[in-house]
Structure formats: C-alpha cells, structure tokens
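Working notes for the structure below.
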Amino acid sequence: MCGRYSASRPPDLMAETYAATVVDEPPPPSWNVAPTDPCSVVVERGEGRELRTLKWGLIPSWAEDDRIASKLINARAETVASKPAFRSALVKRRCLVPADGWYEWRDKRPHFISRPEPIAFAGLYERRGETRTFTIVTTSAARDIAYLHDRMPVVLPPSVWDAWLDPAHDDVEALVGLLVPQAGCTAYEVSKAVSNVRSNGPQLLDPAPADEATLF
C-alpha cells in the first residue's frame, strides 16, 4: 500500500525532470501528501507531456458517490487489468506521479523510503465531470524493504516512461509487465510527526530523534 508520500520539488523542476509542460496551477510542495490532496501528475494525450493537478483517490466515471475515492487510492498490479474501477484507465488513462519517496509504518513507527534518482510512481487517472482524480499502482515489495511492508508503489524507471504514458499503447499484457518491484531503495525511520496529516515541512524527512528511533 502507499498511503502517504512526499512531493516537494517545485513545478519548474518537475517539468524539466519529466519533460512536461505545466498546464494547471500546481499545488504547493508537500512533504506529507495524503489521500484527497491535490497533486501534480504527468499525463500524455498525444501532444506532449503535461504536468496537471489531480486529486489523489480515483473516482471512476460511472461512480455514483465521490466517497469511493477513499477506497481507490491504490490499484493492485495483480488485478488492475480486471477490476472494473481500473481496467479502462489502464488502457486509456495512465500517468506518472512524481515523488521524492513514500512513507510506511512498522509497529506504528514511520519510515521514509526513497531512491537516488527521481521517482515516478505508476498511476491511473479519471475525469468525472470537472473532477480529475488518480490512483497509485502498487505491487509486492522489493526484498530490500519487505521488512517494512509487503507492498510498495510501482516505481517506473525512466526507460519505460514513454511506454507507460503513450496513449496509443493498449497492449494490456505488456503494460502489466511494467508493473514490477524495483530494488535499490533506502529506508530510515522518521519522526512520528508525519503520522499527523496536518504536519508538513522538510523536517519530516529528517531521521527520527534518538529518543524515538528503534533498531531492527
């Protein structure tokens, strides 16, 4: 599962990193992105990549109640091609979700997980009226972080960004084949302050104080 992440880079840097044009008013940097928050995502609709602002928590076009979004913040890679909420978006509406890294909790203690290169989560998006939303695809955890949680967001390497975003790419088997764990992550314990969704700021990425940290 991925229920909280950090996305602190300014929009001009994100646009440069992901070769995208900023289209919407971007949300402010956040070190504690939570479900329902507006977030920057990268989409490709045939005329180049765009950096757009969508809300986290997918609302399918057929949904009768917006509250379904809280149940659809993640899509499992193993079932994304068959679940009614996701299968159409997998074929037609894929996106990249820029991030610095994400948080996982073990024994109620938060840890920040990151990689040395820019992170792009595999995402799917929908538009229902004027509401635009997205979900983050998850897969089984890579061995180096499985001690924290058995799931992780799908981190797409730059070599497959084009394939994932290409709106003409509709080979479901090939797309699902991209949704695999990525090793090479690093993790460390951070302050319990991140557990409060109202907490924000770069200090949330600092290692946990000595009186909070535990050894595994």
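Values quoted throughout were computed directly from the atomic coordinates according to the rules given, and no laboratory measurement underlies them. Quick caveat: nothing in here was measured; it's all calculated off a predicted structure. Methodologically, a virtual Cβ is constructed for each residue, glycine included, from the backbone with ideal geometry; neighbour enumeration extends over all protein chains shown.
Structure values in brief
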{"read-out": "Most positive-pole-ward Cα, Ser191, Ala89, Tyr18, against dipole of the stretch 5-205 from beta carbon charges", "value": "Ser191"}
{"read-out": "Exposed GluC sites (Glu not before Pro) absent - longest run of the chain, DSSP non-H/G/I/E/B, at most 14 other C-beta within 10 Å", "value": "131-211"}
{"read-out": "Sequence of Ile68, Ile113, Ile73, Ile136 once ranked by neighbouring C-beta atoms within 10 Å, starting from the fewest", "value": "Ile68, Ile73, Ile113, Ile136"}
{"read-out": "Translational diffusion coefficient (Stokes-Einstein; Kirkwood radius from C-alpha pairs) of the chain at 4 °C, 1.567 mPa s, in µm²/s", "value": "74"}
{"read-out": "Contact order normalised by residue count of the chain, Cα under 8 Å, 6+ apart, percent", "value": "21"}
{"read-out": "Surrounding net charge for Arg49, when Lys and Arg each add one and Asp and Glu each subtract one, Cβ distance under 15 Å", "value": "-4"}
{"read-out": "The stretch 5-205 - charge dipole about Cα centre, Lys and Arg +1 at Cβ, Asp and Glu -1, debye rounded to 20", "value": "620"}
{"read-out": "The stretch 1-107: trypsin sites (Lys or Arg not before Pro) in DSSP coil with no more than 11 other Cβ atoms inside 10 Å", "value": "Arg45"}
{"read-out": "For the chain: lysine pairs under 19 Å (alpha-carbon distance), excluding those fewer than 8 apart on one chain", "value": "5"}
{"read-out": "Distance between the stretch 156-212 and the stretch 39-65 - C-alpha centres, whole angstrom", "value": "18"}
{"read-out": "Counted charge near Pro181, where neighbours are those whose Cβ lies closer than 15 Å (Asp, Glu -1; Lys, Arg +1)", "value": "0"}
{"read-out": "Positive minus negative residues near Ser61 (Lys, Arg vs Asp, Glu; Cβ under 9 Å)", "value": "+1"}
{"read-out": "Per-pair calculated FRET efficiency, R0 = 45 Å: Trp62 and Asp206 via Cβ, rounded to 0.05", "value": "0.55"}
